[in-house]
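Some notes on the structure that comes next.
Rule-based calculations on the coordinates, nothing more; no lab input. Note that the coordinates shown come from a computational prediction; the quantities given were computed from them, not determined experimentally. Here the Cβ positions follow ideal geometry from the backbone for every residue, glycine too, while neighbour counts run over all protein chains shown.
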């Protein structure tokens, strides 16, 4: 019995030795030391291998860059101006030769000549560094031109591509012609889309020049409903696009918004005298509505907009038979036909060459003024005076034929461009007698091609 008891006691002791947490053991879980808790894995990862130090250094570098970034351009500009104005140490050979001239008649001291030359040279160079021409040194823009295959639009496309921008032309070819832009077909920065602006389109651009609309009486009277739809729906679609993508929008309006004006010359503040139900109202009132939409998008949706009111424009690529007076007279004189004058011929117009208009449109787009701005040549001619200029340029033996005047034809039309002169630093450069021969050269070629086809 004693042996059995000893054996069971020995077995119990061994179990206690093997399992110290058993209930019979003298050890309690409370008396055991708990192992240290490990940190979260993400924090442990950051603390290892000095990763936290690298993160802090990166934050410090980034903060320093963003603090100094606005200051660096000013420092660089001041240093470049300083170096420009202090490193001019060479002079033209004529001045250097003058320094060593021992002739008694040479009374100008070398030091005064050097100082005057250096100061004048510094002025010129500093002025040039501060004035960067449009398109030079600026980023290349992506621009859409609606109606870009038309007369004015194609010349605008030439200008924009010439300064390095990328241009997308949208045109339905109602009055536009592929021939006007064919010389750009191999240019990777040029795109042509056949599309009617009455239907929406999705594009990603920086600027929108909205020129799409028939502009001559022959064309806009041919389909007046289509004309006003282009002015309203087309303008709405382009303004909606400008709003969605944050593009700047320029509307080419017209001097026709003044109607048959009671104010002469016409300022931008004049509200006009328009017949809302006349034959020309599809164009006149359509453009007035387009201006309203443009300003409402500007005020209500913060769209950046510009409004140009274009006066009579002429030049190469005009439609030969579009019914406008300059193209009418030129084509008639080249075809040896009488020059058609409507009414008594005493109604007046002002005529600007297309390159002047294009320069005005670009200047308006690049400046920070909404407008509207009159863009035209204030030189005023009666229809009879214009006929005489055309006769002198093409055929002095041409005759004049009088016909009844058309409905709602304005008696006077002359822009006041003082606002464009002051705010845009723009005014026309090409006179009628200079520009007309350039247009005649283009028309002569096309009339001859037309005759050859017949």
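So between residue 299 and residue 396, what do we pick up on full extension, going 0.36 nm a residue minus the alpha carbon distance?
Separation in residues times 0.36 nm, less the Cα-Cα distance, equals 29.5 nm.
Just need the relative contact order of segment 328-426 here, percent rounded to a whole number, with Cα pairs under 8 Å and 6+ apart.
Reported relative contact order: 46 percent.
What does the highest-first list of 339-348, 395-404, 165-174 look like by mean Cβ count within 10 Å?
Top of the packing list down: 165-174, 339-348, 395-404.
Give, in nm to one decimal, the length gained when the segment between residue 206 and residue 408 is fully stretched (0.36 nm per residue of separation minus the Cα-Cα distance).
Difference between extended and current length: 68.8 nm.
Taking the simple approach of a point 7 Å from Cα along Cα-to-Cβ for both residue 187 and residue 60, what is their distance in nm?
Rounded to a tenth, the inter-label distance reads 5.2 nm.
Classify segment 227-289 as rounded, prolate or oblate from the Cα gyration tensor: take a ≥ b ≥ c as the square roots of its eigenvalues, call it rounded if a/c is under 1.5, otherwise prolate when a/b beats b/c and oblate if not.
The shape class here is oblate.
If you take the C-alpha gyration tensor of segment 334-407, multiply each eigenvalue by 5 and take the square root, what semi-axes do you get, largest first, in whole Å?
Each semi-axis is the square root of five times an eigenvalue, giving 32, 15, 9 Å.
Which FRET efficiency, nearest 0.05, do residue 218 and residue 449 yield, Cβ-Cβ r, R0 25 Å?
0.75
Which value in nm describes the separation of the simple spin-label points at residue 344 and residue 438, placed 7 Å from the Cα toward the beta carbon?
3.5 nm
Sorted by mean Cβ packing within 10 Å, highest first, what order do the peptides 356-365, 177-186 take?
The most tightly packed comes first, giving 356-365, 177-186.
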